[in-house]
1. Quick check on the stretch 229-247. Is at least one of its residues more than 22 Å from the chain's Cα centre (by Cα), outside the structural domain of residue 110 (by TED's automatic domain parsing) and either under 22 Å from residue 307 (Cα atoms) or buried (at least 17 other Cβ atoms within 10 Å of the Cβ) (or both)?
2. In the stretch 341-359, how many are loosely packed, with under 13 Cβ neighbours inside 10 Å and part of a loop (DSSP other than H, G, I, E, B)?
3. So which of 297, 334, 261, 287 ends up being in a helix (DSSP H, G or I) and surrounded by fewer than 16 Cβ atoms within 10 Å (Cβ to Cβ)?
4. In the set 152, 203, which member is crowded, with 17+ Cβ neighbours inside 10 Å and over 30 Å from residue 312 (Cα atoms)?
5. May I ask you to verify whether residue 319 is assigned to a helix (DSSP H, G or I) and in the same structural domain as residue 169 (by TED's automatic domain parsing)?
6. If I ask for residues that are closer than 24 Å to residue 108 by Cβ and surrounded by fewer than 16 Cβ atoms within 10 Å (Cβ to Cβ), which ones from the stretch 62-90 would you list?
7. Which members of the stretch 205-259 meet the condition of being touching a strand residue (DSSP E or B) at 6+ places or on another chain (Cβ under 7 Å) and over 21 Å from residue 158 (Cβ atoms)?
8. Of the residues 400, 391, only one is surrounded by fewer than 17 Cβ atoms within 10 Å (Cβ to Cβ) and either in contact (Cβ under 8 Å) with a residue 24 or more places away in the chain or in the same structural domain as residue 331 (by TED's automatic domain parsing) (or both); which?
C-alpha cells in the first residue's frame, strides 16, 4: 500500500504555514467604556465594548442595572459592521453604582458572559465589584450546573468519538477493501451502526450547546442560533450530510471519500478555527488534523470490529494499519504543534490555563501512543499474537483518554481569563479611575 494520499496531506499541512493568521483563539474584550471600577463625574452617554475578534451577529446583549438590579434603559444593543464592537445608548443616570452585564457568542461558537461595575458621583462602591471576569462555560471546568456540565462534555466526547470513528472506518473500507462478500456485508452493517451513532451524538451535542448558549428555550432563540450563526450553519451541514449518508454511502468510492472530507469540513465550522482572521487557512489545518486522527481512531475501530469474527483478516490488516498509524501520528504532531503556536501569543499560557494543562496531558498520552506503536511493530515482526492483542487494548485505552481530553479542552479558552484586563492595565494605568472634578 502506498503513502500517496497521506503524503499529499502532509504537504498541505506545511503549506498552511504560508497562510497568515492572526493569533487570537477566543473572543475577549479589548476596551470597555466606561472602564471596570471607574468613578465618573457624570453619566456616560453610551456603553461601548470592543472585542479582539469578530462576534456572531445573533444573541448579543448589553444590560445596565442600578444598585437595585433594575434595568436603566430599554434601548437595544447595537453591533458594528465589523462585528467587533457593541454599543448601548444610555439615558442620563443619577449618581450611584451600576452593573454592566454583557453576553455574546464568539466566532468559534462559544458563549461569553461577563459583568463589571462603574460608579457615578460620590456613591459608595458595591462591596464586591466584578472586574470584567469571564464567566462563560469554555473558560474553565466549573459551572453553576455540575450535572449539565457533565452532559455537555459527555455529548462532545460521544460526538468526537463517533465522528472520527465513522470517518476513519470509511477511510479504511476504501483503503483496505475486502474481497470476500461476507466481509463486505459485515462492513456495511458496521457503517450503518456508526452512522446511527454519529447522528445521535450530533443531536446530543447540538442540544447541550444550545442549552449553554441560550438563556431560555424559545423558537426565536433557536432560530437565531441555527439560521444566523456560523455554528448553526455547521450543525445544519453536519445534519444534512448525515442524512444524505444513509442514502448514498457504500455505493461509490468517490462519493464516500468526498463525504468524509465534507463532514470533517462541516465540523470545523464549530470550533476555534472560525475565530481567526484567516479562518480558511486555519480550517484547512484543522481538517488535516481531524483526518489524521480519524485514520488512527478508525483503524483501531476496524481492528476491534474484525478481531474475533475475521481474525486472520485482522492479523493481515495490522501491518497496513501500523504504517498508516505512524504517518497519522506524525501528521497529528505537526498540525497540532502549528495550531498551538498560532493560537497562543505566549507559550507560557500552556501552564497558566486549564486548556494548556489538558493539552500537555494529551501530549504525554501521545508519546505513550508512539511507544505502544513501536512495541506493536516489534511484536508483529515476531508474530506474537497475545502481545499484539494486549498492546492493541492499551492503544484503544489511550485513544479513549485522548478523545475525552479533546472533548473538554476544545471547549475551553486557551488564553488566561484576565488577559484583556492585564492589557488594559499596561496600556493606561492612569486612566483606570476617573476622579471627580
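The values are calculated or read from the model by the stated rules, or taken from the named source; none is laboratory data. Remember, it's a predicted structure, so these values are computed and weren't measured experimentally. So basically every Cβ, Gly included, is an ideal-geometry build from the backbone, and we count neighbours across all protein chains shown.
1. Yes: one or more hits.
2. 1
3. 261 is the lone residue from the list that is in a helix (DSSP H, G or I) and surrounded by fewer than 16 Cβ atoms within 10 Å (Cβ to Cβ).
4. After ruling out the rest, the residue left standing is 152.
5. Judged against the criteria, residue 319 is a match.
6. The answer is 78, 80, 81, 82.
7. The one that is touching a strand residue (DSSP E or B) at 6+ places or on another chain (Cβ under 7 Å) and over 21 Å from residue 158 (Cβ atoms): 229.
8. Just one listed residue meets the conditions, 400.
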